[in-house]
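Structure first, then comments.
Read-outs throughout are calculated quantities, based only on the coordinates presented, and are distinct from any laboratory measurement. Since we're looking at a predicted model, the values are computed, not measured. Cβ placement follows ideal geometry from the backbone for every residue including glycine, while neighbour counts extend to all protein chains displayed.
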Amino acid sequence: MNKAQRYVHTIAARNNYIIASRRFGKSEGIIMPRLLQNVQSMPRSSGGLIGSTYKQVLTRTLPATLFALERLGYREGIHYFVGRKAPKTSGFADPFIMPRSWDYFIHWYNGSVNPIISQDIPYSSNSLTMDYLIGDEAKTLNRDKLINETLPAVSGLPQFKNNPWHTGVMFVTDMPTNKRGLWILKEEQNMDKELLTVLVGMMHKYFRMKLANTGYDTKPILALRNQIDLFRKELTLYQVFNILDNLEIVGERYVADMHRNLTPFVFRTGLLSQQIKTTEGAFYGALDEKKHYYDAVNISKLNKFRSDYGDIDWKVATNHSFSCEDDTDINHSLPLVIASDTNININWLVVGQADYQENRLNTLKSFFVKSPAMLPEVVKKFTEYYSSLPNKSVIFYYDHTFLQGRSGNSTETFYQTISNELTKVGWIVTEQYIGQAPKHDDKHKDIDDALKGRRGLLPMFNHSNNEDLLTGMENTGTRISPNGWGKDKSGEKTEDSSEDPVEHRTDGGDAWDTLFIGCNNFRVSSVHSHLSLSNMFQ
């Protein structure tokens, strides 16, 4: 462990809110040791592992958890089972409170269990009684759901009332850069700094006593240890760590390279863990999680992952290729609407449905491919995802930038590439040209009005299907350029990296803008017509 990780686990407070930079070692150096500490110190207990969405749990939270356990020497099928109760031959103890179903549980050798909770499964933490809670990627968690649905379940069992970590929580994340994650920054006010100072002093004394002890009289040491545990039980630890706290592992060259290659915003937030307010002057400043995000997960599709034993095979589930069958927000009486953005680094395709009767524009899904993949590859992602959809009709909106092509050896334009790739596999495409892309200030005004419900279709987003798109939109700033006021697109040309992924920049938002303008200003009467019937903003 690095010094910062050792500090967190030496203090070992009951409640922990840790903000740490990318490449800090959050999963293996902070979360896993705490999980093992709780599992082993509270045999037969129940401790929740929470994620924001079903897809996040399957694709990031669970794989990272199992990988970290593997690295620490704990083997699935020997020390724990995932998604099933351990067989009797394993000799595992049972938890004090037996789950009704083991589908979403990790079962440990000493009888401890970890329910895996996803916030987009309504009330998935209801009926649970948990002794502790751990959340990775905490900036993605919905604070209201956390308070109303999950934290009340962390009530614990009386068997562990003397354990200093009983009913405690640990939330770990990198520095939040959007509105959803700002809640964790407010937890600093709940840390009693005087109590922390006293506890650190007591621990120094404890270690000196242990070093000086000859082994004849351990009572004073045990008494001090018990007092330390009492203080830990009352303490909330809030700490912010940056990449320099892990310098011995990543090295100075890595930090220098990141400083040179990343935008100042990403370097300061992602690696230096500095808080930078981005909501003021943001291009999509009115975008609000409570008003514009929704979840639509078809949980019944989990049945496809059941093994012969009736439990969920999480390894199969983790490698599952999601499709439109996993969604519940598709209106089969309406055609899909799409728009795209093309760039040398990344190509986007955004999918929605315009419900003019309900005055809503639902953004169902977004796709992207990175270079060297181009438009045909992103269209293939779309057609594979919606291959089981019975109504293969789509309205394709595009602006003047798609009247050109990429190759000098071909006369095919960008919009023709997309249309041709769709028709090849049986889609009926209605092309709708929206003309010259509006100026940024005009576009911003129309989008802002719609987000605030003043006029136009109300934009709504399937959150779990558009995480990268929404991250980019929430972080889209503005600036004054020679072309006037508009989006700050300065980061689009910088190199793609894990610290500053290209999918979190402004390209996805540009594709969504075209979708928004097309659905509002160029309503198509039917999927077989190219006529523009109305302009809602005129």
Query raised in the report: Under 5 Å between amide H atoms, partner at least 5 residues away or on a different chain: which partners does T478 have, H built in plane at 1.01 Å?
Result: F283, D488
Report summary line: Whole-Hz Karplus couplings 3J(HN,Hα) for the range 49-59, θ = phi - 60° and coefficients 6.51, -1.76, 1.60, Gly and Pro as x, run 10, 10, x, 6, 9, 4, 5, 4, 4, 6, 9
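Going by average Cβ density within 10 Å per residue, which order do the peptides 368-375, 504-511 take, highest to lowest?
So the peptides 368-375, 504-511, ranked by packing, come out 504-511, 368-375.
Projected area of the range 373-413, taken from the Cα convex hull and averaged over every viewing direction, in nm²? Walk me through the intermediate numbers first.
Working: hull surface 15.4 nm².
Taking the Cα atoms of the range 373-413, their convex hull projects to 3.8 nm² on average.
Taking only Cα atoms of the chain, what ratio of Rg to Rh do you get with Rh as the Kirkwood inverse-distance radius?
Details: Rg = 26.0 Å, Rh = 25.6 Å.
Taking Rh as the inverse mean 1/r over Cα pairs, Rg/Rh reads 1.02.
Can you tell me which of 14-24, 79-89 comes out highest on packing, and rank the rest after it, using the mean Cβ neighbours within 10 Å? Kindly include the intermediate steps, with their values, before the conclusion.
Details: 14-24: 23.4, 79-89: 17.4.
Ranked from most to least packed, the peptides come out as 14-24, 79-89.
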Query raised in the report: Could you work out the helix-only [θ] at 222 nm for the chain, with each DSSP H run of four or more residues adding -39,500 (n - 2.57) and the total divided by the number of residues, to the nearest 500 deg cm²/dmol?
Result: -8000 deg cm²/dmol
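So what's the projected area for the range 110-169, the Cα convex hull averaged over all directions, in nm²? Mind dumping the intermediate values first?
Numbers: hull surface 18.5 nm².
In nm², the orientation-averaged hull projection of the range 110-169 is 4.6.
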**Report entry** Using alpha carbons only: equivalent-ellipsoid semi-axes of the range 54-140, gyration tensor based, whole Å
**Finding:** 21, 17, 11
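With 28 Å as the limit, write out which pairs from K139/K487; K365/K489; K290/K380; K3/K290; K380/K445 have Cα-Cα distances beyond it, or answer none.
Numbers: K139/K487 24 Å; K365/K489 23 Å; K290/K380 33 Å; K3/K290 39 Å; K380/K445 34 Å.
Check vs 28 Å cut-off fails for K290/K380; K3/K290; K380/K445.
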Requested in this report: In whole Å, largest first, what are the principal axis extents of the Cα atoms in the range 330-521?
Outcome: 45, 44, 32
Query raised in the report: Counting Lys and Arg as +1 and Asp and Glu as -1, each charge on the Cβ, what is the dipole of the chain about the Cα centre in debye, to the nearest 20?
Result: 1540 debye
**Report entry** Mean Cβ neighbour count within 10 Å, used as a protection proxy, ranking 284-290, 223-229 highest first
**Finding:** 284-290, 223-229
Query raised in the report: Mean separation of Cα pairs under 8 Å and 6+ residues apart, divided by the residue count of the chain: what relative contact order is that in percent?
Result: 15 percent
Query raised in the report: Given H placed on each backbone N at 1.01 Å, which residues far from F461 in sequence or on other chains put an amide H within less than 5 Å of it?
Result: Y293, Y294, T363
Query raised in the report: Whose amide H sits under 5 Å from the amide H of E137, counting only residues 5 or more places off or on another chain, with H placed in the peptide plane?
Result: V172
Query raised in the report: Mind listing the Cα extents of the range 192-232 along all three principal axes, in Å, largest one first?
Result: 36, 16, 9
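Please report the antiparallel percentage of DSSP beta bridges with both residues in the chain, rounded to the nearest 5. Working shown, then result.
On the way: 29 of 67 bridges.
Roughly 45 percent of the beta bridges in the chain run antiparallel, per DSSP.
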